[in-house]
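What follows is one structure encoded as structure tokens, with my remarks underneath.
The values are calculated or read from the model by the stated rules, or taken from the named source; none is laboratory data. Not measured: the values here are computed from a predicted model. Note that we place each Cβ from the backbone using ideal geometry, even for glycine, and neighbour counts take in every protein chain shown. What goes into the accessible areas is simple: the full protein's heavy atoms, side chains included, and nothing from ligands, DNA or RNA. Shrake-Rupley method; radii C 1.70, N 1.55, O 1.52, S 1.80 Å.
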Amino acid sequence: MDPAFDDIFTQPENEIFRVVFFPDRIYHSRYLHASRSTRYRYDVDEVRNGPDITAMKGSVYLDGTRLSSVLRLEYRAGRLTELVRERGRRLGPSVNAWVRLLPADTGLTADATVTLRYDKAVDAYAVEMWDTLEPPEHTHHDYRVLPLMGANAPITRPPSLAPALVDIKALRRLEVAFSEVSLTTPTGHPVPDVQWDNNFLRSHQEPRDPSPSSGQNTVRDLNYLLDYQRAWFIPDSAQVPPVRYRNAMMDPGNPDAGDGNVLDMRWLVQRELGGDLVFFHEVTIPPGVVEGTHRHIGSEELYYVVSGRGRAYLGVDDDPAAAGQPIVERQVYGIGPKQCREVAVGPGSTLFTKSGGIHGIRADGDEPLKFVAFLYQP
């Protein structure tokens, strides 16, 4: 990297942009398994993150010669820890991960279950998957690294994944889900009701059926997706087919509900997002149509109105700046009647709702109300 970047990076006016330039993860060589011997060197190609997850892909060199591709998976197990704790158990020294590799050559798509062991150096469960554990001809592995290698070891070679790992740059995506091991440590007793962190039963939306609220539009994934693509360009979001919803976020009996209360959502980016980001989509609400008022628990969402006019609803005490706005009663999805503030919205209006907050929106006037929505789990 050009050393001049350091000067730009530390200028006061650029402080706000530090997050833009901060790397996915700074990898100190001593944190990677084989680096306990100076004979091994890692070349990191790409890093992707999900909730509590880091997936690094690259190459490992032995005595200056490329030895193997490497896919390193780390998992901090926050969600799995909670699921296990609810059942009166604790996670042991290892967890399992179901891994599916999705390379450019779809014929090499494969999956396997691997074991991750707790690594104090990174405060996470970790495993490295190599496409080969065999040293080059006329050489040998270092005695400090050799004990780490083998089936279910910190450095392992899952046979079904090895062909897809050979060309590590061609690995486009991987799907993962994590579980506690099925036997207790150290007694070896079977674990009842083994718990999985599969992204909270994660699903995504696809426009498979134009019928409003069709179940065919919900695709159940039950895993995390880590995508190594570097950019997405959508020339015109209006060309993305919408998924249609009737009486979205409404209980039966809501006075706003009706057969004609149908709105469109164009799901622009979903599983491609990293970290705790869930989706970014565009919502179109025809005149007189309502997106039901609802409460967010454990998630935050931002609406930004791009066209049209309407009325938004928020919890009566959620934003002190709205204290002078009219109070109306709204049917809150899954909760019942609640007092809410009613605020006028139009192009440029922003509505940001934190966990525990309430929001909903209605289109008024003669043109549809359009806004973009961004949701994440804090």
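Taking the Cα centre of the chain as origin and assigning +1 to Lys and Arg Cβ atoms and -1 to Asp and Glu Cβ atoms, the resulting dipole is close to 900 debye.
Compared with the direct C-alpha span, the chain from ARG66 to VAL194 gains 42.1 nm at full extension, assuming 0.36 nm per residue. Once the chain from THR109 to ASP276 is taken as fully extended at 0.36 nm per residue, the excess over their C-alpha distance is 57.5 nm. Longest stretch of the chain clear of exposed loop sites (GluC sites (Glu not before Pro), DSSP loop, at most 11 other Cβ atoms within 10 Å, sites excluded): 138-378. When the charge dipole of the chain is built from unit charges on Cβ atoms (+1 for Lys and Arg, -1 for Asp and Glu) and taken about the Cα centre, the candidate among ILE335, ASN254, GLY288 whose Cα reaches farthest toward its positive end is ILE335. Within the accessible surface of the chain, defined with a 1.4 Å probe on protein heavy atoms only, the carbon and sulfur portion equals 52 percent.
Hey, what's the stretch 209-305 come to in accessible area per residue, 1.4 Å probe, Å²? Ligands and nucleic acids excluded, the figure is 48 Å² per residue. For the chain, the 222 nm mean residue ellipticity estimated from helices alone, with every DSSP H stretch of n ≥ 4 adding -39500 (n - 2.57) and the total spread over all residues, rounds to -1500 deg cm²/dmol. A 1.4 Å probe run over the stretch 98-169, with the rest of the protein chains in place, finds 51 Å² accessible per residue. Return the FRET efficiency for the residue pair ASP364, TYR304: r is the Cβ-Cβ distance, R0 is 25 Å, and the value is rounded to the nearest 0.05. Calculated transfer efficiency: 0.90. Extension gain for the segment TYR31 to GLU134, taken as residue separation times 0.36 nm less the Cα-Cα distance, is 34.9 nm to one decimal. Per residue, the stretch 328-378 exposes 47 Å² of accessible surface when a 1.4 Å probe is rolled over the protein heavy atoms with every protein chain present.
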